[in-house]
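First the structure, in the form of structure tokens, and then the observations on it.
The values are calculated or read from the model by the stated rules, or taken from the named source; none is laboratory data. The structure presented is a predicted model; accordingly, all values stated were derived computationally and were not measured. A quick note on method: Cβ atoms are made from the backbone with ideal geometry, for glycine too, and the neighbour counts reach across all protein chains shown.
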């Protein structure tokens with residue numbers, strides 16, 4: 001790794017994270033969302049979330065995760081409208097049964113339940129355990145910042161990254177556009193929103209501090225195929241910033257991002273960003289770390305399709321193992 005001690009001459013590393021990056025901090029990955037909801041959410045909220053999972057499983061004949069359940073409910077909302085009611089599981093006299101559709105929540109109520117659940121499970125629930133996990137993330141970011149300039153693009157809702165950077169006394173910002181809102185601030189571009197973004201119109205991300213606390217009603221983009229970036233102007237700007245930042249980076253490190261088939265937008269995002277490197281066709285170095293070896297290899301193969309990628313190397317490692325291997329010099333980014 002040829003990194004200068006002068007920050008101006010350090011290569012720009014783009015850190016791209018998915019749910020697996022924050023799993024070490026207790027944030028649920030998509031497939032464990034319902035299990036954590038059972039343990040932590042109130043009954044009324046859980047009832048609405050379970051309705052979405054049950055209705056999806058009934059239609060698909062397979063166990064849904066947050067992506068498929070949320071995506072299926074958004075699809076049904078487009079077809080039938082938010083007032084359409086869905087059946088759900090109910091418990092009577094110690095037994096589980098299926099409610100009549102007319103007794104279940106509406107699709108709009110289910111989607112609202114998903115959004116509230118996301119705000120709770122990825123917000124305060126994660127921060128409550130920060131004494132357990134913050135040190136590991138500070139070690140990781142301390143290593144990266146010693147060797148690179150840093151930009152971050154993430155599909156996560158939680159505040160793990162913001163917390164670790166604040167503990168290292170590094171300023172961060174939710175905007176980029178070629179220059180962060182504050183000089184020297186590390187851009188954190190959150191493709192799907194954040195548990196501390198207000199759910200209201202006219203939000204200016206330059207005015208949201210990255211140390212703002214999580215909210216009960218947050219501005220999040222559902223993890224679905226249906227990302228209408230034309231209507232969601234706020235997110236369209238974030239995605240455009242992300243394309244610019246990815247295109248400028250010399251090194252890309254992907255952690256805990258599986259590029260699920262329900263989110264083709266991520267493929268388009270990287271395709272658009274990497275296509276802008278015509279003047280340096282083999283300029284990108286990409287490293288993929290994921291606990292699942294099949295996922296790590298599959299994501300690398302996806303990147304190798306792009307002619308602008310110099311090489312893509314997979315590492316089947318948990319996050320805490322990755323930190324050790326980086327510090328030992330066993331992995332060169």
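Out of all the residues in the stretch 46-98, which are in contact with a strand residue (DSSP E or B) (Cβ under 9 Å, 6 or more places away or on another chain), at pLDDT below 75 and either within 21 Å of residue 260 (Cβ to Cβ) or not in a loop (DSSP other than H, G, I, E, B) (or both)?
Those that are in contact with a strand residue (DSSP E or B) (Cβ under 9 Å, 6 or more places away or on another chain), at pLDDT below 75 and either within 21 Å of residue 260 (Cβ to Cβ) or not in a loop (DSSP other than H, G, I, E, B) (or both): 58, 89, 90, 91, 96, 97, 98.
Among the residues of the stretch 122-131, which ones are touching a residue at least 12 places away in the same chain (Cβ under 8 Å), surrounded by fewer than 17 Cβ atoms within 10 Å (Cβ to Cβ) and not in a loop (DSSP other than H, G, I, E, B)?
Of everything in the stretch 122-131, just one residue is touching a residue at least 12 places away in the same chain (Cβ under 8 Å), surrounded by fewer than 17 Cβ atoms within 10 Å (Cβ to Cβ) and not in a loop (DSSP other than H, G, I, E, B), namely 124.
May I ask you to list the residues in the stretch 161-182 that are in contact with a strand residue (DSSP E or B) (Cβ under 9 Å, 6 or more places away or on another chain), assigned to a helix (DSSP H, G or I) and surrounded by 18 or more Cβ atoms within 10 Å (Cβ to Cβ)?
Correct list: 161, 162, 165.
From the set of residues in the stretch 16-31 that are more than 12 Å from the chain's Cα centre (by Cα) and at pLDDT 90 or above, which is farthest from residue 150 (Cα to Cα)?
For the stretch 16-31, the residue satisfying everything is 26.
How many of the residues making up the stretch 108-128 are under 10 Å from residue 49 (Cα atoms) and over 16 Å from the mean Cα position of the chain (by Cα)?
Qualifying residue count, the stretch 108-128: 6.
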